[in-house]
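J.: After the structure tokens below, expect a handful of questions from me.
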Amino acid sequence: MNAKEKYINELENFYSNLDYNPISSDAKCLYQTILHMFYKQNWIRTIKISNNVLIAKTGLTLSGLQRKRNELQQKGYINYFKGNNQAALAKYELLSHNEQAIAQANEQATAQASEQASEQQNEHIITILYLLFNYLINNSTQKNFKMCDGKEITSADKNGIINILKKLDIYMTKELLKTYPASNLLDIEIQYYVVSALYLSPYKIYINNLTREEFMLRFLKTKKYIENEDVLYFINYFIKSLQEEFMKKEKIYVVRTNEIMGR
């Protein structure tokens with residue numbers, strides 16, 4: 001295959017690739033410009049091109065060139081190697097049709113693996129929430145319960161947690177559970193877990209003074225900003241929100257105490 005035949009072949013592969021790996025119009029223009037320069041330099045592996053040349057040939061601004069170059073690299077059309085210093089020209093490498101397909105397949109495989117790991121983590125946490133909920137509302141013979149972080153709830157802890165749940169008016173009997181909407185069950189399980197986690201933490205000293213209004217307000221704000229799909233992130237955000245509530249009340253208490261003491 002001579003240089004011109006390879007040029008035509010690369011163009012055909014490029015337009016075929018666009019069917020399943022589309023790019024913007026400006027990115028197409030930039031790719032075609034780079035492709036033509038490879039053709040002129042007889043298809044060596046990498047070529048050096050200055051930004052000024054590409055700006056002149058494409059009509060892009062410098063920032064536009066940088067954005068479209070990143071787009072081409074992220075989409076698997078080119079590799080770009082920045083110069084070692086300001087005076088050094090950048091290097092470009094064209095990725096063949098097969099290399100693009102491999103790059104895209106690797107990217108998809110990585111994304112799928114990450115998604116599967118996230119789903120498995122969610123499933124594990126949801127199972128823990130369900131088991132904890134049943135541990136707290138049932139008179140089971142199980143003495144201890146292990147949380148996600150490895151901390152254990154003892155029988156004494158269980159009674160203390162139940163008292164706080166009752167104080168917050170979220171403790172649920174078996175009879176009430178029968179009438180509770182199944183679609184809302186995850187919400188109550190998350191609330192039970194968060195109360196348990198705070199009870200086992202140094203923030204235990206504050207949770208007894210937490211009102212139902214404060215608790216539910218923080219929970220609803222968390223629901224407003226965080227999706228339930230990422231359960232662990234939701235739980236951590238909710239806990240952090242309650243910790244901020246505790247610290248806010250602590251500061252108010254310190255200020256009032258100082259005022260009383262005349263400090």
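J.: Can you run down the residue pairs with Cβ atoms below 7 Å, 6 or more apart or on separate chains, where the first is in the range 1-14 and in contact (Cβ under 8 Å) with a residue 40 or more places away in the chain and the partner is of a type in the set (S, T, N, Q)?
T.: The qualifying pairs are Ala3/Asn42.
J.: Right, here's the next one. Among the residues of the range 206-220 satisfying the criterion of being in a helix (DSSP H, G or I) and not charged (D, E, K, R), which is surrounded by the most Cβ atoms within 10 Å (Cβ to Cβ)?
T.: Within the range 206-220, the match that is surrounded by the most Cβ atoms within 10 Å (Cβ to Cβ) is Phe215.
Yes or no, residue by residue, for (1) in contact with a Pro (Cβ under 7 Å, 6 or more places away or on another chain); (2) under 30 Å from Glu12 (Cα atoms); (3) surrounded by fewer than 14 Cβ atoms within 10 Å (Cβ to Cβ); (4) at pLDDT below 75:
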position: Glu93; (1), (2), (3), (4): no, yes, no, no
position: Ala105; (1), (2), (3), (4): no, yes, yes, yes
position: Lys143; (1), (2), (3), (4): no, no, yes, no
position: Tyr171; (1), (2), (3), (4): no, no, no, no
position: Leu176; (1), (2), (3), (4): no, no, yes, no
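J.: Right, something else. So how many residues does the range 17-35 have that are part of a helix (DSSP H, G or I) and in contact (Cβ under 8 Å) with a residue 24 or more places away in the chain?
T.: Adding up the residues that qualify gives 9.
The values are calculated or read from the model by the stated rules, or taken from the named source; none is laboratory data. Everything numeric in this text was worked out from a predicted model, so none of it was measured. Cβ atoms come from the backbone with ideal geometry, glycine included; neighbour counts cover every protein chain shown.
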